[in-house]
């Protein structure tokens, strides 16, 4: 879509002006006390807050291991645009080698390359886990920050091996960064969007209230789903949760508000101009001077949908506190599998499309791994495929002498290939090579790697690591070169073009990880959400959170999703259906009872069971036959508490279409289900199969009954696959073909023999 026209109501100073002034004033007024202190809880500020983030939450998924005479590792942390840091602490959990000399060894805590504190490494504490809290001067913290840990170690007063095994220190990723912040008032300007409703500097889960003036109709919910999926796409790995309120603005923080003139409902305390058409406004929260409200308004619910589309697709062009949308045009309709977050399968993919050039360049004798994230389409058919071809182009600084340097290629932490990095001597040396090196200090190389896509996670990662070796010269002669460079060419390509889209369903695993099959169309134009009759705020919150999850998968707002109730189901036969049910408010549970492997009616619960609970937990296989666990028994019981369950099955309305049902006897159970979709380390298992039961943080797979397939295969591959799935059919065809081929061969040989004899007779006559 394109935003053709909008009218700007006013203009305010840009947010960065106020941010800069606030940062400057905070830096002047903040104490610059340095050093190490005991861990003490920090109190919140008068108009602010305090929050803690572990290094793991900041993206460091492993323990920092620092080796050698001098080693550094770091993690980034940023500060929201509407906050200024007034105090900061980092609580480190670390250990170090018992062989270190305490008078020469230390651990430096650095912020933006400035030393914030130096920790001694006394002999008596070596080899045991230490916990120390370090005060970080607030003036060192800017908008974008890097927290670094530098290890300097020595084990001898004389000559040392720079990579000796005794030179190490480890910092746990459970180490914690605590920030005390003060809120600042941003101007009411749409040009700052998505600020302050989403700030990419914030590593925490996005929690955003949605406010409706009255009970929303389906078109209003479609508009809200568009905005929720947009915010979910922005939140990305952080995750996004949404709440729903009717006619009540939250007492604190930011919120998204939907109000139409046709509804006639009013929200107390909200003053916003009501336009004839779709409009967008940013106003202050009347209950919180530091909170903002993004008001999506219009003459009716259809106008709300147009305003939501303008916000999510053209928000970067808006300015002022209030705009009225005059016209929206659809330019190019979406195509299957064209979600911005998914790797395309119709062309070569350049690694430069997935990460920036800075990520692809490393330096030093022990550089960290280059990680390239990849989000695969959920239904890639990998049967009889060798793997995706990676054409890897790279450059490196060749070591001067013979060494064991290499480029290590891994995929999802699994080793794929080791590529040797020849030294100058191994390359032949000589004047010609040296002349080349003078012109270009690196060597361009190329290699091919096959990445197997069997049973891989949809969110995969390619890991490339330059491992430089050095030659032992003897005591006091070992030298480690610090000018080593490595670079992965952004023109390196990954080829998925030979993969087809075909998958056995139901599969709740791909629903959780990729929103499939609903996200097959990025705008959800072939999907419908069937809400309960008279849905309350809890059901609406679950719907919005699922929409945010879909947006996180695709990276695109759900501008074409359909919201309906059970009595409209006949009109939605050609769509994939997401059904929400809480209690007895969903008539489809009764209509489709024969298709459901579970049901909850009051205190009575029924579940179909297979052999799956008796088998290994990680049962998922690329072979669809291996995944089939047909139901063997059914049991019903009564209990005071009820379970929440998710199930998938083929749509009763049309073959090849899918239904995913999220059901619970109580509305709060739907929130448990949406939390399970977001996931986390607290959950015992992942969603998988065709039926799962959710009890708090526990997920149990009960059935995995394969029923149908979605997607398409080429004729030749489809015949191959069908024969592989039906061995007796293959034997029968083989048995029929052998006599047929034999007869044809016999007749052909007889014909050739007669022809040869006829030629001999003709020759004899002459």
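Please treat every number below as a calculation from the coordinates, not as lab data. As the structure is a computational prediction, the values presented were derived from the model and not from experiment. Positions of Cβ are generated from backbone atoms using ideal geometry, with glycine treated the same way; all protein chains shown enter the neighbour counts.
Key figures
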| quantity | calculated |
| --- | --- |
| Pairwise FRET efficiency - residue 568 versus residue 384, Cβ, R0 = 41 Å, nearest 0.05 | 0.45 |
| Backbone N within segment 380-401 under 20 Å of label point (7 Å from residue 350 Cα along the Cβ vector) | 389-396 |
| Extension gain from residue 261 to residue 143, taking 0.36 nm per residue of separation minus the Cα-Cα distance | 38.4 nm |
| Global geometry of segment 31-183, whether rounded, prolate or oblate, following the gyration tensor of its Cα atoms and the 1.5 cut on a/c | prolate |
| Sorted peptide list for 144-155, 712-723, criterion being average Cβ within 10 angstrom, highest first | 144-155, 712-723 |
| Mean Cα-pair separation over length for segment 31-183, i.e. relative contact order, pairs under 8 Å, 6 or more apart, % | 44 percent |
| Residue 595 paired with residue 707, simple spin-label distance in nm, labels 7 Å along Cα-to-beta-carbon | 0.7 nm |
| Estimated distance in nm for a label pair at residue 158 and residue 491, the labels positioned 7 Å out from Cα along Cα-to-Cβ | 5.3 nm |
| Ranked by how many other beta carbons lie within 10 Å on average, peptides 165-175, 353-363 from highest | 165-175, 353-363 |
| Distance from segment 664-714 to segment 100-115 (C-alpha centre basis), Å | 47 Å |
| Potential extension, residue 738-residue 174 segment - 0.36 nm per residue separation minus Cα distance | 196.4 nm |
| Residues in segment 95-124 that a label on residue 366 would reach, taking backbone N under 16 Å of a point 7 Å out along Cα→Cβ | 95-101, 105-108 |
| Cβ crowding within 10 Å averaged over residues, with 299-310, 110-121, 668-679 ranked highest first | 299-310, 668-679, 110-121 |
| Scattering curve values for segment 107-255, log₁₀ I(q)/I(0), Debye with Cα scatterers, q = 0.08, 0.13, 0.19, 0.22 Å⁻¹ | -0.44, -0.81, -1.26, -1.49 |
| Shape of segment 188-329, Cα gyration tensor, a/c cut at 1.5 | rounded |
| Distance in nm between pseudo-label sites at residue 274 and residue 757 (7 Å out along the Cβ direction from Cα) | 10.3 nm |
| For segment 191-248, Kirkwood radius (reciprocal of mean inverse C-alpha pair distance, Å) | 12.2 Å |
| Cα pair distances exceeding 15 angstrom across segment 646-691, given as percent | 54 percent |
| Added length on full extension, which subtracts the Cα-Cα distance from 0.36 nm per residue, residue 118 to residue 654 | 186.2 nm |
| For segment 74-150, the Rg and Dmax computed from alpha carbons only, in angstrom | 14.2, 47 |
| Kirkwood hydrodynamic radius over Cα pairs of segment 148-199, then Stokes diffusion coefficient at 25 °C and 0.890 mPa s, in µm²/s | 148 µm²/s |
